[in-house]
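Have a look at the structure below, then the notes.
The values are calculated or read from the model by the stated rules, or taken from the named source; none is laboratory data. Bear in mind that the values here come from a model prediction, so they are computed numbers and not experimental data. Reconstructed Cβ throughout: ideal geometry from the backbone, glycine too, with neighbour counts over all protein chains shown. The area values use the complete protein model at the heavy-atom level, side chains included, leaving out ligands, DNA and RNA. Shrake-Rupley method; radii C 1.70, N 1.55, O 1.52, S 1.80 Å.
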Amino acid sequence: MKKRIIKLLIALSLVIVYFIHQYYWNTYSFRYLITNYLVEGTNIIKITPFSRKISHTFNLKCVEKEYWINGERVFADRYGNKLAIIDGQKVKYYKFDEFNIVDIVSNNEYIYMLFNTSPNKNKILKLDKNFNVVDESLNFEGNPRNIVLIEDDIYVVSNILKKSNDSKSILYRVSTKTMNLENSIYLESMSFVFRISEVDGKLLVFGNYDNIGYKLQVSKFDRNLKLELEKKYTENALCVNNILKNDKYLIIQNEFSIIFLNKLSLDILNVYKKENCALLDVMKKKNCLYVLSLNIKSGESYIDIVDIKTLKNIKNYKIEIGLEKENDIPSLLMDDF
């Protein structure tokens, strides 16, 4: 009887150890990306509960986003004309005639790439799944921020920058079939637009209405660019980079803070900030937020794991691995793969 009990206890202990191991592995396993804005050379670093090491290196600079295209991870040179595609440990490269790759979206048939072709000009290239150009738009006005694809329509937000104080923000709608402009509107109440995002079939546009204090504004449009709701906040925001979506709320990451908005009313629910730090990226995993930050005083970078309900730090990592060259900087967080 005692032997049977001992065996059961050993088996139970092994099960507990397994689940603890799985919890820590799933919670504390992730990757971050180090890039350089002067020379080519980008590293992806893998973090697990037991190790920290460089998992991938590729010849690209100015990497600010990660894209999923054809089931593969794609990275772009934001101020160049080159893509890197990660396929296991292999890397494939593509080059284009246009420079300044702002954003990429895709569907089952085509890839759409947004370029800032020259100051206050932008263009969209339509490519097949092998990255061959099959069509392109004319040059549209403005320095673009990002692109959203909904069925047969592409939406782009841009800032038309001028030396005087009469700079304007604009929202475009482009047909994927003809690559022609369908309609556009000036965002009269915004002094600068940061990002557009699709939420439940509606378009949410994020920007500032006050250049002096960088006050956040969110405007909701239907797909025909008709304004449905406009919210102005006392909360400051700079460079809205990420919109994470939940059934009940939105997580808005900008360099000043991470803002939780009610999905329907767009009211602010909560705000996360880190003293003396610029927030560079955010990732949601289980019930945690992973926050990439740069301390503007020390120049050191950190990854904080934050409880999504209490916004209290659970764990943090100082970034040291991967900083091999002068001017290397962390720019992205990624789930483990």
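Pairs linking a residue in region 37-48 that is more than 11 Å from V63 (Cα to Cα) to a residue that is aromatic (F, W, Y), with Cβ atoms under 6 Å and 6 or more positions apart or on different chains, are I45/Y32; I47/F30. Only one of the numbered conditions (1) open to solvent by less than 20 Å² (accessible area, probe 1.4 Å); (2) out of contact with any Leu (no Cβ under 8 Å at 6 or more places or on another chain); (3) not hydrophobic (A, V, I, L, M, F, W, C) is violated by N246, and that is (1). Taking region 239-275 as the range and being under 16 Å from the mean Cα position of the chain (by Cα) and in contact (Cβ under 8 Å) with a residue 40 or more places away in the chain as the test, the residues that pass are C239, V240, N241, N242, I243, L244, K245, L250, I252, N254, F256, I259.
Name the single residue, out of those in region 289-323 being in a strand (DSSP E or B) and basic (K, R), that is nearest to R52 (Cα to Cα).
K318
Residue count for region 73-84, restricted to those that are within 15 Å of the chain's Cα centre (by Cα) and either open to solvent by 50 Å² or more (accessible area, probe 1.4 Å) or of a type in the set (D, E, K, R) (or both): 3. In the set (1) more than 27 Å from E228 (Cα to Cα); (2) part of a strand (DSSP E or B); (3) out of contact with any Leu (no Cβ under 9 Å at 6 or more places or on another chain), N130 fails one condition alone, (2).
Take the residues in region 126-148 that are open to solvent by less than 10 Å² (accessible area, probe 1.4 Å) and either over 18 Å from S175 (Cβ atoms) or not β-branched (V, I, T) (or both), then tell me which one is farthest from the chain's Cα centre (by Cα).
For region 126-148, the residue satisfying everything is S137.
Highlighted here are the strands (runs of 3 or more DSSP E) found entirely within region 134-232 that include at least 1 residues which are over 24 Å from K65 (Cβ atoms) and without any contact (Cβ under 8 Å) to a residue 60 or more places away in the chain: 168-175, 181-186, 202-210, 215-221. What pairs come up if the first residue lies in region 69-88 and is of a type in the set (K, R), the second is outside any strand (DSSP E or B) and open to solvent by less than 30 Å² (accessible area, probe 1.4 Å), and their beta carbons are under 6 Å apart, counting only those six or more places apart or on different chains? Final answer for the pair search is R78/C62. If you go through region 47-72 and pick out every residue that is in contact with a Phe, Trp or Tyr (Cβ under 8 Å, 6 or more places away or on another chain), at pLDDT 95 or above and open to solvent by 10 Å² or more (accessible area, probe 1.4 Å), you end up with 5.
Note on region 97-125: residues that are open to solvent by less than 20 Å² (accessible area, probe 1.4 Å) and either of a type in the set (S, T, Y) or not in a strand (DSSP E or B) (or both) amount to 1.
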